[in-house]
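Read through the structure below, which is laid out as C-alpha cells, and then see the notes.
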Amino acid sequence: MNIYMVGGAVRDALLGLAVTDRDWVVVGATPEALTAQGFVPVGKDFPVFLHPDTHEEYALARTERSTARGYRGFAVQATPDVTLEQDLARRDLTINSIAAPAGATSTKDSFEPDFEALVDPYGGQRDLQARVLRHVTDAFREDPVRILRLARFAARFADFSVAPETMALMRSMVQDGEVDALVPERVWQELARGLMESKPSRMLEVLRECGALQKLLPEVDRLWGVPQRAEYHPEIDTGRHLLLVLDMAAQLGAPLPVRFACLGHDLGKGTTPADLLPRHLGHEERSAKLLKGLCQRLRVPLECREIADVVAREHGNIHRSGDFSPPAVVRLLERCDAFRKPQRFAGILLACECDARGRLGLENQPYPQRPRLLEALSASQAVATDAVAAQAMAAGQSGADIGESIHLARVAAVGRTAAFAAPSAPQ
C-alpha cells in the first residue's frame, strides 16, 4: 500500500502557513490490512482510521457519487483498486487536490511527506501561484456544501479570486435548486467557520455573486441597494456597510457570537418602508424579528442567538448612550441583562463598536460608549445589593419597591463615576 498526505495540510505547507491538522490517504489497502497494523477504525460513512501513535486520520482512497440532492447521501467506493488520481478527483478545489507521498520515519511508526515528489494531476500548484480558487471536476456539482466551503476559503485567502468557470458552475447549481436541499446544520457550520476567517466579507460577496446568499440568507441579501442614513456616507449602501462591520469584527478579534451579532444587527433595514427611508425608524424591532426567524431556520446556538437579539434591539441606544443620564444608563444596563451576564454585555458593546467603526473614515476612530458603559456597569456592580435590600425591608418595603431601591442605588453609583462628572442630557 502507498500513503500520501493530502488536502489542506499540503496546501498550507506549500503556502508557508502553519500546518495543524494532517490528513492522509491510503492507496491499495483494505480495512483489514490497516487494522492488522494497529490502526483504529472510526469512520461511519467511509473507511477512516486513526494512527495508533499519532492519532492522525488515515482514509482509504475512495470515490463518491451523490445519491440525493443536497448533502443527504453519497455512494462510496473504497476498494484497493481505487487510484490516487480518482481520490483526488472527488475533492472540491484544485488547491486541495495535491498529494505528497509519505514514508515511514526511522524513529517511530509514523509517516512524513516528501514535498519534492508531489502528485498534482489537477493543477493545484499552478492555482496556488495564481491565487485562484477553482473546482477540480464537474463532480463539484454533486455537493452544494462546496459552494459554502469555497466562499469560506475566499474569506480565509482574501487575495484569491474565484475562477470564472467555477463561479458559472456555482450559479448553475443555485439556479437548479441544489442549495435549497442543504440541511440547516451544514449551512450554519460553514457560515460560522466563514465568519471566523480573516476577511468574512469575502464569504458574503462570493455567496451573493453566485446567487446563494439570496437562497440561504435572504434577510441579509436584501440589504444591498438599501441606502444608509445621510450622515453615514449614503454612497455606501447597507449591504456594503455590513461587509465593513464584519471585517472590523475580524480586525478586532471578536468571537463568533459577536460576529454573528454583527451579521444580524441591521436586518430590519432591508424591510424599511419607503416613507421611512433613509432614517430607518423602527428597524431595531424589525431586525430582532427577522433575526429570530433566521436563527430558528439555521438552528443557531443559543449563545449566538442571545447576544445577537440584544444587539439588534439596543445597538441604536448604545450608540446614543454618550448623552444618557445615569438613570437612562442603568435602564439600558437592565434591558441588556448586564448585571446577570456582564461578559455577554462586553460582547454586545464590542459588536456595537464594530458597527460604529464599520464606516468609511471611522475605521480608526475611538468608540467612547464602550468604556463609558463598562465603567457604569462596574460601578453598578459594586453596589451591595443585599445591604440595600435589607435596609429597604427594614423600612417596610417589599417586592417591586425593593427592586426600585436597588435601581436607585445603582443610579447613584453611576452618577459618582468619572465618566458622568460632566452634566448629561436628560433622558
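None of the figures in this text is laboratory data; all of them are computed from the coordinates on show. The structure presented is a predicted model; accordingly, all values stated were derived computationally and were not measured. All Cβ positions, glycine included, derive from the backbone under ideal geometry; neighbour counts span all protein chains shown.
Is the shape of region 217-420 best called rounded, prolate or oblate, per the rule: a/c under 1.5 gives rounded, else a/b larger than b/c gives prolate, else oblate, with a ≥ b ≥ c the square roots of the Cα gyration tensor eigenvalues? The shape class here is prolate. Placing +1 on the Cβ of every Lys and Arg and -1 on the Cβ of every Asp and Glu, with nothing else charged, gives the chain a dipole about its Cα centre of roughly 1300 debye. Across the chain, Cα pairs under 8 Å and at least six residues apart give a relative contact order of 10 percent. Using C-alpha pairs under 8 Å with a sequence gap of at least 6, the mean separation divided by the residue count of region 217-420 gives a relative contact order of 20 percent. Within region 2-123, antiparallel bridges make up roughly 85 percent of the DSSP beta bridges whose residues both belong there. Charged side chains reduced to their Cβ positions (Lys and Arg at +1, Asp and Glu at -1) give region 339-427 a dipole of some 220 debye around its Cα centre.
Could you grab the relative contact order for region 337-427? Cα pairs under 8 Å, six or more apart, rounded to a whole percent. List each step's numbers first, then the result.
Numbers: 51 pairs, mean separation 22.6, N = 91.
This gives 25 percent for region 337-427.
I need 324, 339, 39 ordered by Cβ neighbour count within 10 Å, fewest first.
Going from sparsest to densest Cβ surroundings: 339, 39, 324.
When the Cα positions of 270, 163, 252 are compared along the charge dipole of region 149-272, 252 comes out farthest toward the positive end, with charges on each C-beta of Lys, Arg, Asp and Glu. Shape analysis of region 352-427 places it in the prolate category; the axes a ≥ b ≥ c from the Cα gyration tensor give an a/c of at least 1.5, with a/b above b/c. Projecting the Cα atoms of 321, 20, 226 onto the charge dipole of the chain (Cβ charges, centred on the Cα centre) puts 321 farthest toward the positive pole.
For region 2-123, a crude dipole built from +1 on the beta carbon of Lys and Arg and -1 on the beta carbon of Asp and Glu, taken about the Cα centre, is about 540 debye to the nearest 20. Positive end of the dipole of the chain, charges at C-beta (+1 Lys, Arg; -1 Asp, Glu), about the Cα centre: which of 136, 280, 58 has its Cα farthest in that direction? Value computed over the given set: 280. Exposure proxy ranking for 287, 201, based on other Cβ atoms within 10 angstrom of each Cβ and starting from the fewest, stands as 201, 287.
Within the shell defined by Cβ-Cβ distances under 14 Å, the residues around residue 415 carry a net charge of +3, with Lys and Arg each +1 and Asp and Glu each -1.
Among the listed pairs 44/341; 199/341; 44/199, a Cα-Cα separation exceeding 31 Å is found for 44/341; 44/199.
Only lysines eight or more places from residue 289 in sequence, or on another chain, were considered; those with a Cα closer than 16 Å are 269.
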